[in-house]
1. Name the residue that is nearest to V172 (Cα to Cα), counting only residues in the range 460-506 that are in contact (Cβ under 8 Å) with a residue 60 or more places away in the chain, over 13 Å from the mean Cα position of the chain (by Cα) and open to solvent by 10 Å² or more (accessible area, probe 1.4 Å).
2. Restricting the first residue to the range 241-267 and requiring it to be surrounded by fewer than 20 Cβ atoms within 10 Å (Cβ to Cβ), which pairs with a second residue that is assigned to a helix (DSSP H, G or I) meet a Cβ separation below 7 Å and a spacing of at least six or different chains?
3. Of the residues that sit in the range 553-589 and are β-branched (V, I, T) and surrounded by fewer than 22 Cβ atoms within 10 Å (Cβ to Cβ), which one is nearest to H536 (Cα to Cα)?
4. Are any of the residues in the range 623-637 closer than 27 Å to L727 by Cα, among the aliphatic types (A, V, I, L, M) and open to solvent by less than 20 Å² (accessible area, probe 1.4 Å)?
5. Which of (1) in contact (Cβ under 8 Å) with a residue 40 or more places away in the chain; (2) open to solvent by 80 Å² or more (accessible area, probe 1.4 Å); (3) among the hydroxyl-bearing types (S, T, Y) does Y183 not meet, given it meets every other one?
6. Taking E774 as the residue in question, decide whether it is among the acidic types (D, E), within 21 Å of I665 (Cβ to Cβ) and not in a loop (DSSP other than H, G, I, E, B).
7. Could you pull out the residue among K86, K110, K96, K8 that is of a type in the set (K, R), touching a residue at least 24 places away in the same chain (Cβ under 8 Å) and over 30 Å from E189 (Cα atoms)?
8. Scan the range 196-209 and report the pairs whose first residue is without any contact (Cβ under 8 Å) to a residue 24 or more places away in the chain and whose second residue is open to solvent by 50 Å² or more (accessible area, probe 1.4 Å), with Cβ atoms within less than 6 Å and a gap of 6+ or a chain change.
Amino acid sequence: MYEHLNKKIILGVDIGGSHISAALIDNNTGDLISGSIRKKMVDAQASSSQIIDEWVEALNDSLNSVNDYHLLGMGVAMPGPFNYEKGISLMKDVNKYSSLFGMDIKKALKQQLQLSDSCPIVFENDGACFGIGESLSNDIIDKSRVIAITLGTGIGSTFLDTGRVIKNDEGVPFNGELYNQPYKGGIIEDYVSSKWLLSAYNSLAGGAKSVKDIAMKATEESDEIAIKVFQEFGFHLAESLKPWINSFKPDCIVLGGSIVKSSHLFMPEFKSQVNQSGQQVSIKISGQLEESTILGAASLVLSKVKKSNMSRKTNQPLLPISKSTSELSSGEYDLYPSFSLGEHKIFKGYNTLANWMVGKKAVMIDGLAGTDWDTIQERLAEEFKVIGINVRWDKAETFQHTPATIKKLTEPFIGNIGDVWGTQCTLDLADFFNKDLTSFNPVAGEQLHILIGTGASLAGWDNLVYFDLPKNEIQFRMRAGQSVSLIPNEGFANPEIYKHLYFVDWVINRKHRIAIQKKIDIIADSQWQNDITWAHAASIYDGFDEMTRSVIRARPWFEPGAWGGQWLKNQVNGLNKNEVNYAWSFELIVPENGLVFESDNNHLEVAFDWLMDNQANAILGEDVKVFGSEFPIRFDFLDTMDGGNLSIQCHPSLDYIKNEFGEKITQDETYYILDCKENAQVFLGFQDSIDPEEFENVLHESTEKKIPVAITDYVQAHNAQKHDLFLIPNQTIHSAGKDNLVLEISATPYIFTFKMYDWLRLDLEGNPRPINIEHAFRNLDFSRKGDVVKNELISKPQTLTQTNEYRIVHLPTHKEHFYDVHRIEFSNSISLNTDGKCFIMMLVEGQAITVEIDGKAPVRYNYAETFIIPASVGEFTISNLTNDEIKIVKAFLK
């Protein structure tokens with residue numbers, strides 16, 4: 001017996017076509033616990049109950065080999081086809097486990113083993129588990145790219161890059177699975193499996209009952225037919241792998257599984273054929289066999305546990321759940337602006353939400369993909385246990401279509417892997433689920449039945465709780481390896497997952513939220529892992545209504561970047577000073593910013609577009625006829641102070657962005673210089689002598705050969721000074737040079753940037769940044785060159801009104817821009833009227849001001865803070881809180 005009180009362990013399991021192996025792994029060391037390994041032969045043609053019973057017997061035997069343990073979870077290596085995320089068997093007509101087809105294996109094992117909801121069972125392909133386990137080996141841990149193959153009843157496979165499983169990428173079969181790839185009129189598994197070895201030998205000689213029999217005949221009897229069959233096996237293994245060796249370019253191939261015990265019989269032919277592929281690749285026979293698979297399966301549980309403890313990857317702090325009671329000093333930038341709902345409107349804690357559910361027979365809990373549904377369920381379950389209520393839990397995800405079906409559904413909207421952009425999704429959330437969800441009713445007799453997860457409200461029950469989650473938090477969770485999209489994204493790089501979010505998830509989730517918002521009873525904020533805040537939906541909707549008669553500020557968030565500077569880090573208190581730089585501040589980018597409500601010092605954040613979906617008429621006034629519920633203008637900072645130049649870039653024409661990406665407006669920009677050093681520059685427009693063909697060739701040569709470009713031979717560089725406004729209509733070549741703090745005033749689209757030259761640098765992760773020369777040259781306007789640039793693309797200030805008290809300056813934008821810019825300058829105060837227009841404003845000089853509307857308490861704004869005056873406000877007054885001269889930029893729709 002393994003004697004250690006309350007030892008934290010993981011149960012690793014390898015299920016093969018004819019056996020199950022299990023062992024316990026010490027969570028602290030990652031090693032197999034001696035004496036815990038159990039192996040049992042299983043009849044894969046038996047009934048489902050017999051198979052499950054045999055599995056459970058082996059698992060319990062392993063668990064019973066230790067005393068006083070704490071089981072963190074169970075990792076199971078399972079052959080395919082199988083829905084690994086949901087734990088449902090899809091094996092049918094593959095000569096094994098057909099009786100399990102459609103069965104929820106995860107649920108069956110949890111019930112039989114009596115595991116708690118907090119003890120996860122994680123499934124993964126057996127080949128992937130073998131590869132993960134092998135990647136932990138010192139022999140190959142330094143190999144960058146590895147193909148790991150298991151050879152037994154069938155062929156398992158996994159593709160790894162520096163220890164990370166790659167399932168969906170160029171050069172990799174779908175889900176990393178080789179067994180069903182076409183080969184010689186059939187599939188690879190028809191030729192690379194124990195079944196083929198037996199069939200091939202017995203068709204020529206007969207008498208063999210196992211691969212071991214054939215190997216013994218070849219080794220001990222020098223049976224020529226047996227030797228030939230193994231040689232052919234080596235040939236088929238190599239030939240079927242060659243396309244993937246050439247596309248994935250592995251450094252190492254690792255072979256494991258029962259058949260490799262006879263590797264001396266097929267390895268010479270296999271190596272010979274692999275060498276003919278032209279790729280330099282080492283070949284390794286696993287020394288651990290099933291131990292590697294068990295360790296790999298167990299590591300998935302450890303990864304899940306770690307992720308639950310580190311749900312976000314960023315240096316930026318979470319929004320504080322409680323509002324600070326200390327006042328900011330005058331001029332100090334507020335990182336966490338909030339809008340008061342009044343007293344007793346926002347509640348804190350899972351216990352309060354559980355108490356709200358008491359007495360209700362059924363509750364749906366819906367929200368964005370990326371929400372930590374497991375934690376929400378666990379924490380609520382703890383509270384219900386204290387209250388004394390028995391709850392039946394069901395997960396909406398069990399009604400989702402298979403990953404393959406969802407992938408096929410969404411392919412038209414996300415383009416090819418590696419493409420930077422997709423197009424706006426036209427699907428509904430219901431398209432991701434089978435019809436059983438809409439007919440799934442609460443179970444009679446249950447004290448409380450809860451359906452939880454994205455899409456839960458499609459069931460149509462009473463009592464709906466909706467969990468919102470800030471878009472920046474979704475991205476931080478994405479970077480930590482969390483599942484944040486309805487599209488299966490394991491193995492995808494983060495830029496690919498962001499594309500899924502932008503073009504699919506956020507589009508359909510917003511559409512879904514609009515459809516259900518009148519049915520929502522509770523709105524909750526789930527960004528804090530171990531706590532929540534929530535409010536009655538009516539209170540939030542009342543808050544939106546009150547905002548239309550008030551001044552509004554979104555919660556900003558900040559991002560480092562390859563060219564980022566130091567201005568924001570030095571000037572904004574509360575930002576993490578350990579961050580390498582800050583490139584962007586998302587001041588007002590409605591698709592990604594949130595609005596923070598406050599009551600009794602409790603914070604609750606919701607997406608800004610919720611306000612627009614409820615109050616677009618009041619916010620935009622008459623312009624709602626053009627833009628509907630889409631907020632059309634964005635403000636953000638580009639910080640290159642002591643940083644680098646932005647890439648040389650352009651944005652798409654209106655027709656191009658509509659036809660290629662499904663957007664309604666294009667990315668027309670301006671650069672307002674909030675601050676800069678003496679020699680700062682902005683790159684804008686072409687030199688008069690520009691030769692488009694020469695320029696394109698130079699850019700391609702630079703990309704291919706890593707040759708610097710003398711960019712000012714082709715693009716103009718203009719000296720930048722504070723309060724200058726540079727105009728960047730779509731199709732214009734441009735870049736902000738180093739040592740600027742740019743206030744980017746733009747149309748709302750923000751990701752459609754065609755980079756042509758990025759100064760040969762890498763991103764902060766050490767990867768090349770995407771270059772989009774082809775897209776750019778389909779859009780560049782080469783008439784914007786020479787004197788045209790100075791005459792048309794650099795705004796020339798014009799005084800509209802001047803008195804002893806104030807001056808209003810017009811900073812004319814380009815004819816392509818649908819918005820205009822004014823600068824308001826004064827010393828004491830000024831009264832203005834929206835006249836039915838929405839104003840987006842920022843204090844660009846001076847320390848602090850107040851905005852007063854209709855006799856309400858004045859609201860203070862500080863230097864560099866963005867705020868919105870809704871069109872419905874009418875008259876308002878801005879007052880100076882110091883003796884400094886005040887300058888405010890105002891953007892509005894023409």
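1. Only one residue fits best here, namely W461.
2. I245/V274; M267/G234
3. Ranking the candidates gives V572 first.
4. Within the range 623-637, one or more residues are closer than 27 Å to L727 by Cα, among the aliphatic types (A, V, I, L, M) and open to solvent by less than 20 Å² (accessible area, probe 1.4 Å).
5. (2)
6. The answer is no for E774.
7. When all the criteria are applied, what remains is K8.
8. A205/I225; A208/N202
The values are calculated or read from the model by the stated rules, or taken from the named source; none is laboratory data. Because the structure is predicted, anything quoted here is derived from the model rather than measured. Positions of Cβ are generated from backbone atoms using ideal geometry, with glycine treated the same way; all protein chains shown enter the neighbour counts. Side chains are part of the model used for accessible areas, which takes the heavy atoms of the whole protein and leaves out ligands, DNA and RNA. Shrake-Rupley method; radii C 1.70, N 1.55, O 1.52, S 1.80 Å.
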